[in-house]
1. Restricting things to Cα coordinates, could you compute the convex hull volume per residue of region 1-87 in Å³?
2. Could you run the Debye sum over the Cα atoms of region 205-250, one equal point scatterer each and no solvent, and tell me log10 of I(q)/I(0) at q = 0.14, 0.32 Å⁻¹, two decimals?
3. Around Thr202, with a cut-off of 10 angstrom between Cβ atoms, what is the net charge of the other residues, counting Lys and Arg +1 and Asp and Glu -1?
4. So what is the relative contact order of the chain, in percent, for Cα pairs below 8 Å that sit 6 or more residues apart?
5. Region 101-118 to region 130-176: how many Å between their Cα centroids?
6. If you take the charge dipole of region 205-250 about its Cα centre, with +1 on Lys and Arg Cβ and -1 on Asp and Glu Cβ, which of Ala228, Phe242, Ile215 is farthest toward its positive end?
7. Whole number please: convex hull volume per residue of the Cα set in region 20-70, in Å³?
8. For the pair Leu164/His38, report the inter-label distance in nm, with labels modelled 7 Å from Cα in the Cβ direction.
Amino acid sequence: MTYQNILVEEDNGIVLLTINRPKALNALSWDTLEEIKHFFAEDGPKREGIKGIVLTGAGDRSFVAGADIKEFLGLKGNEGASLAKRGQDIFFSIERFHVPVIAAVNGFALGGGCELAMACHMRIAGEKARFGQPEVNLGLIPGYGGTQRLVQYVGKTKAMELTLTGDLIDANEAYRLGLVNYVVAPGEEVAKAKEIIEKTATKGPIAIQKAIEAINAYFEEGVDGFEAEVKKFGEATDTEDFIEGANAFIEKRKAAFKGK
Ligand code: CO8
């Protein structure tokens, strides 16, 4: 697929995926979503040995200002639910990606943009970032997982308030609520995300993947997270990396993990 709305650059094993529609504040058009889907379902998994993905928005104003509202006018009566389902499935593929995916939130993260950031494993906010679920202003509710993930991150009290008022919050409030991992100076978001990925890349790659899967299991319908942890733990002990990690500790040296 030739990407028209996203930029994909790989440097030293870290992929920088930039939503690139700055004139529309990087709003998620249907085509943009299709390209994100292709990256996380096909292109990304084929990139052997990558350390992680940093997801950001082009320009210095916006991460992603939501779904593309201009495309809503063409929606037919019963299309909404299937489009929401399609978006949710794409965001699941981000949440379940095998290496860390970190959102570098450089501006507005609104509606589908906040939902996109929440589907990532971690979020770095620049001081100018603004977060919100303003869908009620359009007579809508969040449709790409926002009603669920916002509760997971900030709890029901604040999720209700933010979703029912449509109010925006700044980066420091997002940090205080537990929505973002770090707040950094404007322009430093991608660098901080890369710094975290360089750290996770020194760990056992299979352990990183199993940890992502086990933590996600906590939120999965009908899945016992503790049982999932036991299973993933067993899978992690059944690797050469585990033997290497334990030996390296005893021999007081750095582990040389192979992802096997
Ligand atoms: N969609 C399309 N275009 C957008 C969007 C958007 N979400 N946000 C901004 N733009 C465009 C503007 O239309 C404008 O374009 P133009 O110059 O051609 O008029 C350009 O970006 C710049 O925007 P503004 O002039 O409005 O810039 P301001 O600095 O005045 O305001 C804001 C910035 C506050 C971010 C403002 O643009 C805004 O409120 N945007 C909309 C935010 C929003 O409501 N987002 C939620 C959208 S709904 C959603 O995400 C639902 C997800 C689930 C969908 C389920 C499937 C159907």
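1. Enclosed volume per residue, from the Cα hull, is 101 Å³.
2. -0.36, -1.08
3. Once positives and negatives cancel, what remains is +3.
4. 15
5. About 12 Å separates the Cα centre of region 101-118 from the one of region 130-176.
6. Phe242
7. Cα-based convex hull of region 20-70, divided per residue, equals 75 Å³.
8. The two pseudo-label positions are separated by 4.3 nm.
The values are calculated or read from the model by the stated rules, or taken from the named source; none is laboratory data. All values reported here derive from a predicted model rather than from experimental measurement. Backbone-built Cβ (ideal geometry, glycine too); neighbour counts: all protein chains shown. The area values use the complete protein model at the heavy-atom level, side chains included, leaving out ligands, DNA and RNA. Shrake-Rupley method; radii C 1.70, N 1.55, O 1.52, S 1.80 Å.
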